[in-house]
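Undergrad: Pasting a structure below so you can have a look.
The values are calculated or read from the model by the stated rules, or taken from the named source; none is laboratory data. None of these values were measured; they are calculated from a predicted model. Neighbour counts are summed over all protein chains in view; Cβ atoms, including those assigned to glycine, are modelled from backbone coordinates with ideal geometry.
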Amino acid sequence: MTSSKRLSSVSHSIAHHAVSALSYVHPHLSQAASKLHEALVFVNLLADEPCPKRYLSFEPVRLSLDALKSRFCDILLSEGFEYSDLIFAGVMFEFTAEFPDDYCSNCHALLVSTKEREYRHSVNYMGETILPNKALQRTSR
């Protein structure tokens, strides 16, 4: 296994990718979350189906979250890791009324290695590092 310090890079990269226009998650997830009156959406990147069950009927959400999982796998492999090196990998999107449009969210990424070390990175819709959301911290175990 590669140096576990590289998992910090994976966490950083997936958080930034998830809020970028390249992830295709926005505006689909924002609009679907609004319809379901949810401000937080958790995505398990290690699950066979990363799309939460309540969002499966929103095809653009399902497809974009599948693409996000695929990109996560690419990032993980490029840093010398595999899924088996992790016991947890998730991102949480946070939508608030203060955001200017459906293309904006905060993203909080959390990875937990098999050695039980945690790697967190949180960014806002401008790609700036922010403090992690306490809700994601509670989901790690």
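Undergrad: Return only the number of the condition from (1) touching a strand residue (DSSP E or B) at 6+ places or on another chain (Cβ under 6 Å); (2) farther than 27 Å from Ala97 by Cβ that Asp66 does not satisfy.
TA: (1)
Undergrad: With the requirement that a residue be farther than 17 Å from Ser9 by Cα and surrounded by 13 or more Cβ atoms within 10 Å (Cβ to Cβ), what does the stretch 88-116 give you?
TA: Met92, Phe93, Glu94, Phe95, Phe99, Asp102, Tyr103, Cys104, Ser105, Asn106
Undergrad: Considering only the stretch 52-74, I want to know if a residue exists there that is within 26 Å of Met126 (Cβ to Cβ), in contact with an Asp or Glu (Cβ under 7 Å, 6 or more places away or on another chain) and crowded, with 21+ Cβ neighbours inside 10 Å.
TA: Within the stretch 52-74, not a single residue is within 26 Å of Met126 (Cβ to Cβ), in contact with an Asp or Glu (Cβ under 7 Å, 6 or more places away or on another chain) and crowded, with 21+ Cβ neighbours inside 10 Å.
Undergrad: Residues in the stretch 124-135: is at least one touching a residue at least 60 places away in the same chain (Cβ under 8 Å) and of a type in the set (Asp, Glu)?
TA: no
Undergrad: Continuing with this model, one more query. Out of the residues in the stretch 4-24 meeting the condition of being among the β-branched types (Val, Ile, Thr) and in contact with a Cys (Cβ under 9 Å, 6 or more places away or on another chain), tell me which one is nearest to Pro60 (Cα to Cα).
TA: Val19
Undergrad: Same structure again: Identify, from the list Leu22, Leu63, Leu46, the residue that is at pLDDT 95 or above and outside any loop (DSSP other than H, G, I, E, B).
TA: Unique residue meeting the criteria: Leu63.
Undergrad: Pick from Ala109, Ala97: which is of a type in the set (Gly, Ala, Ser) and either over 16 Å from the mean Cα position of the chain (by Cα) or farther than 21 Å from Ala21 by Cα (or both)?
TA: That would be Ala97, the only listed residue that is of a type in the set (Gly, Ala, Ser) and either over 16 Å from the mean Cα position of the chain (by Cα) or farther than 21 Å from Ala21 by Cα (or both).
Residue-wise test of (1) in contact (Cβ under 8 Å) with a residue 12 or more places away in the chain; (2) touching a Pro at 6+ places or on another chain (Cβ under 7 Å); (3) not charged (D, E, K, R).
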residue: Ser11; (1), (2), (3): yes, no, yes
residue: Ala21; (1), (2), (3): yes, no, yes
residue: Val25; (1), (2), (3): yes, no, yes
residue: Leu40; (1), (2), (3): yes, no, yes
residue: Cys51; (1), (2), (3): yes, no, yes
residue: Tyr55; (1), (2), (3): yes, no, yes
residue: Leu65; (1), (2), (3): yes, yes, yes
residue: Arg71; (1), (2), (3): yes, no, no
residue: Tyr83; (1), (2), (3): yes, no, yes
